[in-house]
Amino acid sequence: MKYIVRLVLLVLTIGLLAGSLSQHAYAAGQRIVISSDRSGSSEIYIMDQDGTNLQQVTNLGASSHGASWIPGTSKILFRSDYGGGDYDLFTINADGTNLTNLTNSTADESGSTTSPDGSKIAYIQDAGGGNYSLRVMNLTTSADTVVEPSFAGFWWLSNSKLVMYAQDAGVFQLYTINADGTGKTALTSDAGSSYFATASADGQKIVYVYNDSINPPELRSINADGTGQATLTSNISDDNSVAGLPLWSPDGSQVLFTYSDTGNNFPLMKINANGTGQTTIVSSSAGGVWAPGGASLWYGQSVAGFVELFNSDTDGSGATNVTNSGANNEMFVSAFLFETTITTTNPEPENPTDTSSSQTTKSTDTLAETGRSLTANILATASVLLILGALYRHKRHYQLF
């Protein structure tokens with residue numbers, strides 16, 4: 001029997017960086033950045049972690065998503081179609097001043113995320129025709145480098161190195177690559193596809209989904225040097241589909257993932273790094289993220305037809321509706337979803353062996369409406385932010401292969 005893998009909900013959940021990150025010391029800030037359509041269009045907002053002090057940052061009357069903090073600054077990075085039909089990458093100060101279009105191109109850009117030191121952004125550019133390229137921009141010089149001309153998805157390992165998944169001989173394998181496009185090294189060479197790869201906060205371990213189109217998809221881990229490949233669990237769905245990225249807890253001891261069941265409930269689950277202790281946290285969710293330090297979880301849940309953001313203990317108890325807005329709210333899964341402050345003055349050296357982490361991924365309505373091939377489907381899921389409201393409200397299933 002040939003199993004079908006569907007991206008039922010691309011709610012990417014990452015262990016958010018707090019405490020120590022490689023040679024950087026990051027102190028968790030109090031503010032979280034989200035997007036919400038409560039004003040009629042999708043705008044960027046910031047608020048304290050208890051939901052108070054809500055402030056609208058943008059008022060563009062456009063579709064603005066994928067917001068994350070640039071570490072050590074009061075700037076926010078996001079994606080918007082403001083000023084035209086194509087999506088560009090923008091930065092803006094937290095007080096709403098100094099809106100800057102970084103890319104200003106005729107292509108769509110998405111999936112942007114900063115390096116751990118905030119000096120660069122990696123992003124995906126869609127030039128059309130299924131052509132997706134991984135690019136890195138230096139935020140100081142604006143120098144823009146094509147790192148990989150054709151790929152599926154990526155994750156920062158350090159300030160100068162990424163892990164990505166790209167097609168090779170009809171399947172997707174994991175690779176590491178330097179931010180300047182050199183040093184591409186294969187981590188996997190399996191018969192099936194390896195994708196949705198994310199790294200632990202120290203950059204030493206990678207968790208990902210493996211699927212061979214014959215057996216149900218599996219959750220696997222591997223060391224960043226390609227050694228120590230292990231299967232954590234093959235029990236990640238009832239319907240042989242994949243609901244989103246698996247994500248490490250900040251201390252690397254657990255993995256958070258969204259289970260796909262036949263009722264479209266998408267339970268939020270966690271499992272220990274050694275494959276034991278798989279438990280359900282929330283029976284129905286729109287994906288979740290670890291709060292700084294890993295002491296609690298943030299996740300989306302449908303309330304009266306809208307997606308609200310909740311905070312709870314890591315076992316699901318003490319859940320609180322933080323947004324409580326009667327609108328759709330989304331979190332872009334980034335290492336810098338929560339505001340951070342760099343507390344060290346010594347910059348991390350540009351060394352490919354340095355380790356840290358960051359995030360990106362994509363979900364787009366066009367996937368539900370076109371019968372794309374395996375390659376185009378995974379490429380198209382690689383970069384974009386989550387449109388949680390539309391995804392959950394319509395319970396769309398995105399065919400991968």
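Taken together, the values in this text are just the output of simple stated rules run on the coordinates, not laboratory data. Predicted model only: the values in this text are computed from it and were never measured. With ideal geometry, Cβ positions are generated from the backbone for all residues, glycine too; neighbour counts draw on all protein chains shown.
Among the residues of the stretch 95-124, those identified as among the aliphatic types (A, V, I, L, M) and out of contact with any Phe, Trp or Tyr (no Cβ under 8 Å at 6 or more places or on another chain) are 107, 121. Report whether or not residue 121 is hydrophobic (A, V, I, L, M, F, W, C), within 21 Å of the chain's Cα centre (by Cα) and over 29 Å from residue 62 (Cα atoms). So residue 121 fails the test.
Here residue 305 meets the list (1) more than 18 Å from the chain's Cα centre (by Cα); (2) closer than 20 Å to residue 250 by Cα almost entirely, failing just condition (2). Among the residues of the stretch 134-154, those that are within 16 Å of residue 180 (Cβ to Cβ), under 17 Å from the mean Cα position of the chain (by Cα) and not in a loop (DSSP other than H, G, I, E, B) comprise 134, 135, 136, 154.
Mind checking whether some residue in the stretch 195-204 is part of a loop (DSSP other than H, G, I, E, B), farther than 17 Å from residue 270 by Cα, touching an Asp or Glu at 6+ places or on another chain (Cβ under 6 Å) and of a type outside the set (A, V, I, L, M, F, W, C)? Within the stretch 195-204, none of the residues are part of a loop (DSSP other than H, G, I, E, B), farther than 17 Å from residue 270 by Cα, touching an Asp or Glu at 6+ places or on another chain (Cβ under 6 Å) and of a type outside the set (A, V, I, L, M, F, W, C).
Among residues of the stretch 33-54 that are free of Cβ contacts under 8 Å to residues at least 12 places away in the same chain, those with a Cβ under 7 angstrom from a residue that is crowded, with 17+ Cβ neighbours inside 10 Å and part of a strand (DSSP E or B), sequence gap 6+ or separate chain, pair up as 54/45; 54/47. Per the listing 244, 277, the residue uniquely touching a Ser or Thr at 6+ places or on another chain (Cβ under 6 Å) and of a type in the set (Gly, Ala, Ser) is 244. Restricted to strands (runs of 3 or more DSSP E) entirely inside the stretch 206-289, those with at least 2 residues that are buried (at least 17 other Cβ atoms within 10 Å of the Cβ) and not hydroxyl-bearing (Ser, Thr, Tyr) are 218-223, 254-258, 268-272, 279-282.
Looking across the stretch 290-315 at every residue that is without any contact (Cβ under 8 Å) to a residue 40 or more places away in the chain and among the small types (Gly, Ala, Ser), the one that is surrounded by the fewest Cβ atoms within 10 Å (Cβ to Cβ) is identified as 304. In the stretch 104-133, which residue that is in a strand (DSSP E or B) and hydroxyl-bearing (Ser, Thr, Tyr) is surrounded by the fewest Cβ atoms within 10 Å (Cβ to Cβ)? The selected residue is 133.
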